[in-house]
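Written below as structure tokens is the structure these notes are about.
The values are calculated or read from the model by the stated rules, or taken from the named source; none is laboratory data. If you're wondering where the values come from, they're calculated on a predicted model, not measured in any experiment. We place every Cβ from the backbone using ideal geometry, glycine too, and count neighbours over all the protein chains shown. Ligands, DNA and RNA are excluded from the accessible area calculation, which covers all protein heavy atoms including side chains. Shrake-Rupley method; radii C 1.70, N 1.55, O 1.52, S 1.80 Å.
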Amino acid sequence: MNQKIELYGFNNLTKTLSFNIYDMCYAKSEREQRDYIQYIDKQYNSERLTKILCDVTEMIGAHVLNIAKQDYEPQGASATILISEDPLSDFEVDESCNMRHRLPKEGTAARKESVAAHLDKSHVTVHTYPEFHPENEITTFRVDIDVATCGQITPLKSLDYLIGSFDSDIITIDYRVRGFTRDEHGKKLFIDHEITSIQDYIAKDTLEKYDAVDVNVYQSNIFHTKMMIKEIFLQNYLFNTDTYELAPRRRLEINDALRREMLEIFSGMNIY
């Protein structure tokens, strides 16, 4: 928003960004698939996800008030962060809050993670979904992030950071603006910034790596973008295996299997 709109009262618009990524991996045995899931759990534990969440909060111009988190057995974790658009003084913060600087301690164990952050009248959530099937050598790791904001702050500022924070083979992004606010003359405003495509908020060098498709409903302020990685560099998808350990024909088979998996997830249907 280059020019601030003069409003009557509070900005009641709700801007919601839903960001989903899928990361693929080839693991040839069920044991290796389970090892991969454990590796992913360690790489994206609740501590790291909470750090990403706090970075997003800073990028969109919000302020963390409170962090609560919990790791579960045998797997899983949750965290909640209370955030306000404007900083609050100590006496304004609820006494039961632990304030904003108490991040998770180093070395905290975690497996499948769920991280949630609540803004003042809004929220941020992060969930991870490692998935595999013993009859399919391709495993999938999914991350869902939802950022809903009220007021002047917008979650679109965080897109490049989120894409770079994960190995993203497929990306699905939804952005919606809901509600209305009023200007000083009482005129309703159903959106307070210009937008034609989510892609306008993604760096050019990032977009060049993906095939991207838009499905937008402008009259309803609904914007949807799907992205799929263009090139597959096989070594990046092998778990505990070196490319040169595989015969050329086997490399092609794995490459084809990866691409088929991506196409089905990108399309949202079983094709093969």
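Before moving on, here are some points about what is shown:
- HN-Hα J in Hz across region 37-46 - Karplus 6.51, -1.76, 1.60, θ = phi - 60°, x for Gly and Pro: 4, 5, 4, 4, 4, 6, 5, 10, 7, 5
- Segment Val213-Gln38, extension gain: residue separation times 0.36 nm, minus the distance between their alpha carbons: 59.7 nm
- Counting only protein chain heavy atoms and rolling a 1.4 Å probe, the accessible areas of Ile222, Ile195 rank, largest first, as Ile222, Ile195.
- Charged-residue dipole, Cβ positions (Lys, Arg, Asp, Glu), region 136-175 about Cα centre, Debye nearest 20: 200
- From phi via Karplus (6.51, -1.76, 1.60), per-residue ³J(HN,Hα) for region 190-198 in Hz, x at Gly/Pro: 9, 7, 10, 8, 7, 7, 10, 7, 4
- For region 204-220, 3J(HN,Hα) per residue [Karplus equation, 6.51 cos²θ - 1.76 cosθ + 1.60, θ = phi - 60°, Hz, x = Gly/Pro]: 4, 5, 6, 4, 5, 7, 10, 8, 10, 10, 10, 9, 10, 10, 5, 5, 9
- With a simple spin-label model that places each label point 7 Å from the Cα along the Cα-to-Cβ direction, the separation between Arg249 and Phe180 comes to 6.7 nm.
- Accessible surface for region 132-266, divided over its residues, is 52 Å² per residue with a 1.4 Å probe.
- In this structure Asp160 has an accessible area near 60 Å², from a 1.4 Å probe over the protein heavy atoms.
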